[in-house]
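Heads up, the thing below is written out as structure tokens.
The values are calculated or read from the model by the stated rules, or taken from the named source; none is laboratory data. Worth saying up front: this structure is predicted, and the values here are computed from it rather than measured. Don't worry about glycine lacking a Cβ; one is built from the backbone with ideal geometry, like all the others, and counts go over all protein chains shown.
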Amino acid sequence: MKSSYLIAFFLICFLFFGCSRSPPVQETPKTVNVVEEFKSLNADMNSALANQVDVLSPRNFHVATEYLDDARKSIEKQKVPSETSHQITIARSYLNRANEAAKFSHQNIQDVIIARQLAVSAGAFGFFRSEFQRADNILKNITTDLEYNNIANVEKMRSALKTAYSELELAAIKRQNLTEARLTIALAVKDGAKKFAPQTLVTIIKNFNETSAYITTHPHEVDQIATRSRETNQSAYQLLQTTHELADTNKMSQEKLATTKMRGKENKSIEDRISTGQSAVVRKNEDHESEKVFNEKFERARRKFTKNEAEVKKLGSTITIRLKGLVFPSSQSALKDSNFPLLGKVRRVIKEFSNSTVVVEGHTDSIGTKTINDKLSRERALTVRGYLLSVDILPANRIKAIGSGEENPLATNNTSSGRAQNRRVDIVIKL
């Protein structure tokens, strides 16, 4: 009896998802505003993307995306509204079917879907794009089978796929939280830490490994990971500073050393007086820093970057850091190790403006559809936001990420160099 119910259930699923080549289409009235319908559908497509429908029902979602793009082109070319309306209606039908198929996938591979979402939230898609896409391709094969009611491969692949996403999540968490410390330790070693501060180096490496091990066993203890990573980063910078100081001391005569110490005390006294003055300004202006202090901080921020790294602009009480040196390969949102020194400078600038809110704006070139570019630009922004959250400079509710797609190009998209400039991230600091 039980088997007969199962057969009936899967037969229904097959009839619903697999039999008809096209879903039923219900045309919209001619009085409908096609531009508003397009906007509504585009918003629903973005919601579906956020709910992973693109991988849970890849075939149906892909067709919906194609018809949506056709509708966008029709609107841009001002074609007959009825043609555009028909394209929107078909796209909507495939999206509805994709959403229903996604529910069916949820019922069968919920553990895999949760593991994937955790990996996405950790920034794995941005950090390890090719590995993530390989896992997604396997997932799409499984969910395509589910669309056609072929469940033979589901149980065979689900455990390995869940493990793959979990490993990507862990690697992304470590990349976000430990890369800055790892690069700083490597720089200290390059600058002579083994010679000038060997015991400190051993201690820092031990601390680094302990933090890494903690993340492995407690990947979702966000607060503890942030605290431990911050301490590890600080220790790494102390190692680098100690190495440089001891290296300099080794080269200096005692007379020069004494002079340096005296100057250091004088500089400390000056810094203390400046700090005291700044505190007085802050007390007098509880909500806003004085224009003088703000301009000084802006100038310090501007001088931190070379002309090839970033362009820093000021408009009122808003500072925009255009990260020219943070260039993404086409269709990618992953950070490279070479990006972290530049992002470290961004971190130090934001730290100067501790009462600010930060908006990370992602941008793309014009290659690909608008839907894909909107998604990619948001992924780039989320990747950088993830780094900023990992170094714990501001609360999460004061760092936002938005994707602007191809809408605000810096250069022409007709050349490869222009497109490279347009694949960027802007950091907007608002007081």
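Numerical summary
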quantity	calculated
Any hit, region 134-147, residues being touching a Lys or Arg at 6+ places or on another chain (Cβ under 6 Å) and of a type in the set (D, E, K, R)	yes
Number of the exception - Arg300 against (1) modelled with pLDDT under 85; (2) surrounded by fewer than 18 Cβ atoms within 10 Å (Cβ to Cβ); (3) assigned to a helix (DSSP H, G or I)	(1)
Positions within region 84-117 being among the hydrophobic types (A, V, I, L, M, F, W, C) and either assigned to a loop (DSSP other than H, G, I, E, B) or surrounded by 19 or more Cβ atoms within 10 Å (Cβ to Cβ) (or both), in sequence order	Ile88, Ile90, Ala91, Leu95, Ala98, Ala101, Ala102, Ile109, Val112, Ile113, Ala115
Leu389, sole failed condition from (1) closer than 28 Å to Leu168 by Cβ; (2) among the hydrophobic types (A, V, I, L, M, F, W, C); (3) without any contact (Cβ under 8 Å) to a residue 12 or more places away in the chain	(3)
Selection from region 178-237 of residues that are within 22 Å of Lys336 (Cβ to Cβ), under 26 Å from the mean Cα position of the chain (by Cα) and exposed (fewer than 15 other Cβ atoms within 10 Å of the Cβ)	Ala186
Test: residue in region 36-55 that is touching a Ser or Thr at 6+ places or on another chain (Cβ under 6 Å), at pLDDT below 85, in the same structural domain as Glu100 (by TED's automatic domain parsing) and part of a helix (DSSP H, G or I)	no
Where a residue in region 339-359 is in the same structural domain as Ile402 (by TED's automatic domain parsing) and its partner, wherever it lies, is part of a loop (DSSP other than H, G, I, E, B) and among the aromatic types (Phe, Trp, Tyr), with Cβ under 7 Å and at least six apart	Lys345/Phe305
